[in-house]
Amino acid sequence: MTDERLRRWISSLLASPGLTAIRDPEEAWRVHVEQSLSALPVVSGLEGPIVDVGSGGGAPGIALASGLPDRDVTLLEASARKAAFLEEVSADFQNVRVVRGRAEEQPLEEFGVAVAKALAPPPVALEWCLPLVRVGGAALLFVGPSADAAQVAAVAERLGGGLPEPHSGFLVVPKVAPTPPGFPRRPG
């Protein structure tokens, strides 16, 4: 059975200029809902609250919140316009909160899982995500087929992460040690 809240979210997403380049509702469902939910088995196996870093239009955070109603999900977004959109569409989800801000402004090691989709190149996205995760958790980065796992592994080592675990459509980087001071670095 389909969660009608997700249908309303996709409809709002398509009706809001600048949040997705996708115009076709079926393609939007595939990319924003089905791809996001492909991570559900991995995320459900990790404990603690979830943060969607650079949430944008809400993927993957909103879909994960639907699939994991007993888990707290934070949608972290720096853009005021996008954060306002997220506030509106997440009102249907009791387990979602929206935080307007940047990763480097957030408390470190507060979350069990950090997820990112279309945020930045994978090594950069990992630098923004992994410091927010406590030891024993993981960062999950949605990536394309050309993602360089070796580059991600080099960044993970500097941040207290283990070897990236490839899955279909995403990499999982376990947090094995505390992130050293100075990360994530401020932009510029």
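Brief remarks on what is shown
- Two-decimal log10 I(q)/I(0) for segment 1-40, as the Debye equation yields it once each C-alpha is a single scatterer, q = 0.34 Å⁻¹: -1.24
- Take 93-104, 146-157, 53-64, 123-134 and order them by the average number of nearby Cβ atoms within 10 Å per residue, most first; the result is 53-64, 123-134, 93-104, 146-157.
- Within the chain, antiparallel bridges make up roughly 35 percent of the DSSP beta bridges whose residues both belong there.
- Phi to ³J(HN,Hα) by Karplus 6.51 cos²θ - 1.76 cosθ + 1.60 over segment 44-54, Hz, x for Gly, Pro: 5, x, 10, 9, x, x, 10, 10, 9, 7, x
- Cα pair count fraction exceeding 17 Å, expressed as % - segment 61-170: 55
- Using alpha-carbon coordinates, inclination of helix 4-15 to the longest axis of the chain, degrees: 90
- For segment 125-188, alpha-carbon Rg over 2.2 N^0.38 Å: 1.03
- 0 to 90° range, to nearest 10: angle between helix 80-89 axis and the chain longest Cα axis: 60
- Space enclosed by the convex hull of the alpha-carbon atoms of segment 100-161, per residue, Å³: 79
- Here the chain is assigned +1 on the Cβ of each Lys and Arg and -1 on the Cβ of each Asp and Glu. Its dipole about the Cα centre then comes out at about 360 debye.
- What the pair-distance distribution of segment 57-124 shows, using all Cα-Cα distances binned every 5 Å from zero, is 3, 16, 28, 27, 19, 6, 1 percent.
- Projecting label points 7 angstrom from Cα along Cα→Cβ for Val135 and Val176 puts them 1.3 nm apart.
- Sulfur and carbon atoms: percent of accessible area, the chain [1.4 Å]: 54
- Taking Cβ atoms as reference points and 14 Å as the exclusive limit, the residues near Asp24 contribute a net charge of -1, counting Lys and Arg as +1 and Asp and Glu as -1.
- Computed [θ] at 222 nm, helices only, for the chain once each DSSP H run of length n ≥ 4 contributes -39500 (n - 2.57): -8000 deg cm²/dmol
- Over segment 8-72 - Rg/Rh using Cα atoms and the Kirkwood inverse-distance radius: 0.98
- Reciprocal of mean inverse Cα separation for the chain (Kirkwood radius, Å): 16.3
- Residues of the chain: accessible area per residue with a 1.4 Å probe, Å²: 47
The values are calculated or read from the model by the stated rules, or taken from the named source; none is laboratory data. Keep in mind that this is a model prediction, so the values were computed, not measured. Methodologically, a virtual Cβ is constructed for each residue, glycine included, from the backbone with ideal geometry; neighbour enumeration extends over all protein chains shown. With ligands, DNA and RNA removed, areas are computed over all heavy atoms of the protein, side chains included. Shrake-Rupley method; radii C 1.70, N 1.55, O 1.52, S 1.80 Å.
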